[in-house]
Amino acid sequence: MSKPQDPLEITPTLLLRAYAAGVFPMAESARATSLFWVDPKQRGILPLDALHVSASLRRRIRRGRFRVGIDEDFTGTLAGCASREETWINPEIRDLFITLHRMGYAHSIEVYDEQGLAGGLYGVRLGAAFFGESMFSYRPDASKIALVWLVARLRAGGFTLLDTQFVTDHLARMGAVEVSRDTYHRMLDSALERTAQFWELPVDASSEAILQLSTQTS
């Protein structure tokens, strides 16, 4: 599952090369001083034409008591993802992803309500692949709303692969599945040969447009 840490310093450029090769970094804990590479035998993906949005989530989205932002608070989103008892986000990962964000490769989707940042997610894009790193919720369904907005944005921009790394119960209920390592690498290679546009979808697209785009079948 994992490979020994590269003795070389992990730079943002090396990290992008790792993603293009199908591996990603993790730390044992928030206090860990080293990283290890992960290339799971079974990889989690969310097919972009198979997102499941429950009736209750549709109702919450249509009520519209929230606002969705893109790249408005990347560091706050990353901090939210790390704010749990067990996390693989240590200071080195935090610094690497903040740099990738400044370089234009890492993005966040934030959900705001009247109390402020309610939840969100972040990840990395290369070619027509988006590598989802983590998500969090301070309030009910906030991370699910962010995922719906992400899928709509990826579909609008011509992406072909949404990598979730692993499949949790939360993600499985929304359509995520596991594929073999070999299958994943074939999907990744194909996605990296394509060009996609992360900013194709207007930031102010309506909730109804987001729902329609994220759940329409091919």
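Tabulated values for the structure
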item: Equivalent ellipsoid semi-axes, region 79-129, via Cα gyration tensor eigenvalues times 5, rooted, Å; result: 20, 16, 10
item: Given 14 as the ceiling on other Cβ atoms within 10 Å, longest exposed-site-free region of the chain for chymotrypsin sites (Phe, Trp or Tyr not before Pro) in DSSP loops; result: 1-165
item: With at most 16 other Cβ atoms within 10 Å, longest stretch of the chain clear of loop GluC sites (Glu not before Pro) (DSSP); result: 115-192
item: Residue-normalised accessible area of region 18-106, expressed per residue, 1.4 Å probe, Å²; result: 49 Å²
item: Unit Cα scatterers, Debye sum, region 1-106: log10 I(q)/I(0) for q = 0.14, 0.17 Å⁻¹; result: -0.75, -1.00
item: Under the span-like rule (Cα at least 20 Å along the axis, Kyte-Doolittle mean at least -0.5), DSSP H helices of the chain; result: 142-156
item: Paramagnetic reach from Glu86 (point 7 Å along Cα→Cβ, amide N under 13 Å) across region 23-46; result: 28-30
item: Those trypsin sites (Lys or Arg not before Pro) in region 1-80 that DSSP places in a loop and that have at most 15 other beta carbons within 10 Å; result: Arg31, Lys41, Arg65
item: Accessible surface of the chain [probe 1.4 Å, protein heavy atoms]: carbon and sulfur percent; result: 48 percent
item: Along principal axes, Cα extents of the chain, largest first, whole Å; result: 51, 37, 31
item: Label zone at Ala209, where the point sits 7 Å out along the Cα-to-Cβ direction: region 128-162 residues whose backbone N lies under 17 Å; result: 148-158
item: Taking the chain and dividing mean pair separation by its residue count, relative contact order in percent (alpha carbons under 8 Å, at least six apart); result: 26 percent
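The values are calculated or read from the model by the stated rules, or taken from the named source; none is laboratory data. All values reported here derive from a predicted model rather than from experimental measurement. Glycine also receives a Cβ, built like all others from the backbone with ideal geometry; neighbour counts cover every protein chain displayed. What goes into the accessible areas is simple: the full protein's heavy atoms, side chains included, and nothing from ligands, DNA or RNA. Shrake-Rupley method; radii C 1.70, N 1.55, O 1.52, S 1.80 Å.
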